[in-house]
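Colleague: First the structure, which I've put down as structure tokens, then a few questions once you've had a look.
The values are calculated or read from the model by the stated rules, or taken from the named source; none is laboratory data. Here the structure is a predicted model, which is why all the values come from computation and not from measurement. Cβ placement follows ideal geometry from the backbone for every residue including glycine, while neighbour counts extend to all protein chains displayed.
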Amino acid sequence: MKAQLKCSSCGAEISNLNFSWGRKKWLWFIPFIIVMFIFPFAMDYMLKGGKHDFRSDLIIKDTEKRYANGTIEILGIIANHGKVSWENIAVKAEL
């Protein structure tokens, strides 16, 4: 005995039956893949502040050396050319 499947509205016999999704039905999966692969990289970028070295925005200019009583004083101005505001800057120098 062979099972037959008929259309409920017209009564025609259905010979080809496909239980898979069409191509357009898989499109919902694309945003999911994008979010799952890009989201970790975006969060890493945001948490680490990007790859920009903000110290390069600080420029030392107008330096002056003073010699007094066996000591050397170096005076200068640090200019900030970046968007990040700085507070309590510590300057280290090797002589």
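Colleague: For Lys92, which of the numbered conditions (1) assigned to a loop (DSSP other than H, G, I, E, B); (2) basic (Lys, Arg); (3) under 29 Å from the mean Cα position of the chain (by Cα) fails to hold?
Modeller: Only one criterion is unmet by Lys92, namely (3).
Colleague: If a residue has to be modelled with pLDDT of 80 or more and more than 10 Å from the chain's Cα centre (by Cα) to count, how many in the stretch 29-63 make the cut?
Modeller: Of the residues in the stretch 29-63, 16 are modelled with pLDDT of 80 or more and more than 10 Å from the chain's Cα centre (by Cα).
Colleague: Return the residues of the stretch 53-87 that are surrounded by 10 or more Cβ atoms within 10 Å (Cβ to Cβ), in a strand (DSSP E or B) and out of contact with any His (no Cβ under 8 Å at 6 or more places or on another chain); say none if nothing qualifies.
Modeller: Ile60, Ile74, Gly76, Ile77, Ile78, Ala79, Asn80
Colleague: Something else now. Scan (1) touching a residue at least 24 places away in the same chain (Cβ under 8 Å); (2) touching a helix residue (DSSP H, G or I) at 6+ places or on another chain (Cβ under 8 Å) for the single condition Phe54 breaks and write down its number.
Modeller: (2)
Colleague: Also: Would the stretch 11-29 turn up any residue that is in a strand (DSSP E or B) and loosely packed, with under 10 Cβ neighbours inside 10 Å?
Modeller: Within the stretch 11-29, one or more residues are in a strand (DSSP E or B) and loosely packed, with under 10 Cβ neighbours inside 10 Å.
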